[in-house]
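The values are calculated or read from the model by the stated rules, or taken from the named source; none is laboratory data. Keep in mind that this is a model prediction, so the values were computed, not measured. Glycine also receives a Cβ, built like all others from the backbone with ideal geometry; neighbour counts cover every protein chain displayed.
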Amino acid sequence: MQTTDILLTNAHILTMDEQMNQFNPGAIAINGDSIIAVGPEADIKKEYAGRETVDCGGSLLMPGLINAHTHVPMTLLRGLADDLRLDVWLSGYMWPVEREFVSPEFVRLGTQIACAELIRSGVTTFNDMYFYEESVAKATAEAGMRAVCGQSVLKFPVADADSYEDSMEIARDYIQRWKGHPLIIPSIAPHAPYTTTPEILRATAELAKEFDVPLHIHIAETSFEVENMRNENGMPVVPYVKKQGLFEAKVIAAHCVHIDPGEMRTLLHAGAGVSHNPSSNLKLASGFAPVMKMLETGLNVGIGTDGPASNNDLDMFEEVRLAAFIAKAVTNDPTSLPAATALTMATRLGAQALHIGHLTGSLTPGRRADLILIDGGRGQLNAALTALNRLGIEGITVAGLAKREEEIYVPEREAPIRLERRDPALQLLQTVRDETHRFAVSSHRRRRSKRTLHSELEDLPGIGDKRRRLLIERFGSLSGVKQASEQDLINVLGRKIGKTLYAELHPA
Ligand SMILES: [Zn+2]
């Protein structure tokens, strides 16, 4: 008889392992932060005695869900701008607001709120990409969750860096310090091919290789992106990033809405993981990702919520349901993407997509004890996740029942982080929200007032009315035009005028 820290008994166990083993009644033996044994209750009880034994009351015990692509601090930007095209939404609203307001404190708060929501929806691991990513990592580790935290790199000035070189330095320093952390896997995140340069893609892949950490990027999210890529580089997105050496790194490709079978094979051979983000693709009308084809190709496809501002929530059970339903509708075949496959995507395949399949995603001996217990008797799954972390086993990442959005549980016994209504943190959240909303409303008004815009743009040299209209349509404001890359301006205005305008706006 072997003694372990904890024995969970009398559970209906969905292991989500390769054989999809289920045990009912089943039991799991846990030591430290890892699963020692899992199987039929009678067998486990014969071999193991727990210092603490918990009767799960016949509830469903399964791996915590894995949110394969998100930007957690954007909980603070939720509802700021909806019903817009991705490029307008990004360059007209999100990026200007982020440049203005995002700080380490903003990121910490946004992450805390997100962790509460994620925990409530049964998530134990997520894959993030944002600015000040070290603040995401800190707040996530405090909440007791596991995450791949990717420091963003873009070609223009962003909230935490004036140049891409600065971002690279921040990323290197952050990765060095967090590599080997029990809960956080640091990573690097060149935002997307259209917001980076070949040089950035090469440099980020090199850095990821050097530290053997994942590289997280948006790939082929919209048809607009693919069209631009074809016009500018004569090839689709996946071959383009391959040409820059991206696949020498462990890539996590978010979206992959507009990729063809050849690109899927390239991703497969590169060992890249994919995150399918059904709500975000619906909200931004990005299209329908070829999920069935990707799975048939053999790709590890996980499911992600994307940032809370493009969703507008972090509910993974809803995401699993949508992934299954949309696949059925799109293929005109109700047998497409059955429930078990959808759930596998949200657990084991998701972990593999994030290159951490050896750590989490299934209830298998040797994996971390990232568990959720679902009380089926209470009907709603996400309302009924029971707090395993109240058991207080240090190092176990567990999902718990957050009674309200403002509560976040940490692994220490009886020590949840509670953000009460009067909490200074929540008050700051309110301030940030108020200010960002005001900012967005005023920038929206500016955008609405075409006359003002026209006169703003009158300063631009050599630009007639027709071209001015094109610029307004594409970039929304004078500052949008000023932030545009030379290539963006060339795309809108043609080579000669685009180059001239860029040179006028960016005197060396
Ligand atoms: Zn995203």
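Annotations for the structure displayed:
- Within the range 18-28, being out of contact with any Asp or Glu (no Cβ under 8 Å at 6 or more places or on another chain) and part of a strand (DSSP E or B) holds for GLN22, ASN24, ILE28.
- In the range 312-330, the residues that are within 15 Å of the ligand (Cβ to nearest atom) and surrounded by fewer than 21 Cβ atoms within 10 Å (Cβ to Cβ): ASN312, ASP313
- Within the range 105-131, being among the aliphatic types (A, V, I, L, M) and under 21 Å from ILE252 (Cβ atoms) holds for VAL107, ALA114, LEU118, VAL123, MET129.
- Looking across the range 291-311 at every residue that is over 13 Å from GLY350 (Cβ atoms) and surrounded by fewer than 23 Cβ atoms within 10 Å (Cβ to Cβ), the one that is nearest to the ligand (Cβ to nearest atom) is identified as MET294.
- The combined condition, being away from the ligand (no atom under 15 Å from the Cβ) and either part of a strand (DSSP E or B) or on the phi < 0 side of the Ramachandran plot (or both), is not fulfilled by LEU90.
- Test: residue in the range 7-17 that is surrounded by 17 or more Cβ atoms within 10 Å (Cβ to Cβ), more than 33 Å from the chain's Cα centre (by Cα) and in a strand (DSSP E or B): yes
- Only one entry in SER103, SER59, SER91 is within 30 Å of ALA11 (Cα to Cα) and of a type outside the set (D, E, K, R), namely SER59.
- Strands (runs of 3 or more DSSP E) wholly inside the range 32-85 that include at least 3 residues being crowded, with 23+ Cβ neighbours inside 10 Å and within 16 Å of the ligand (Cβ to nearest atom): 65-70
- Search result, residues across the range 241-279 that are assigned to a helix (DSSP H, G or I) and touching a strand residue (DSSP E or B) at 6+ places or on another chain (Cβ under 8 Å): VAL241, LEU246, LEU267, PRO278
- The set of residues in the range 7-23 that are touching a residue at least 24 places away in the same chain (Cβ under 8 Å) and not charged (D, E, K, R) comprises LEU7, LEU8, THR9, ASN10, ALA11, HIS12, ILE13, LEU14, THR15, MET16, MET20.
- Scanning the range 80-97 for residues that are over 19 Å from ALA159 (Cβ atoms) and within 18 Å of the chain's Cα centre (by Cα) yields a single hit, LEU86.
- Consider the range 128-144 and keep the residues that are under 19 Å from ILE356 (Cα atoms) and either small (Gly, Ala, Ser) or part of a strand (DSSP E or B) (or both). The one that is farthest from the ligand (Cβ to nearest atom) is GLY144.
- For first residues located in the range 135-147 and within 15 Å of ALA189 (Cβ to Cβ), partners that are modelled with pLDDT under 95 and among the charged types (D, E, K, R) and lie 6+ apart or on another chain with Cβ distances below 7 Å form the pairs SER135/ARG108.
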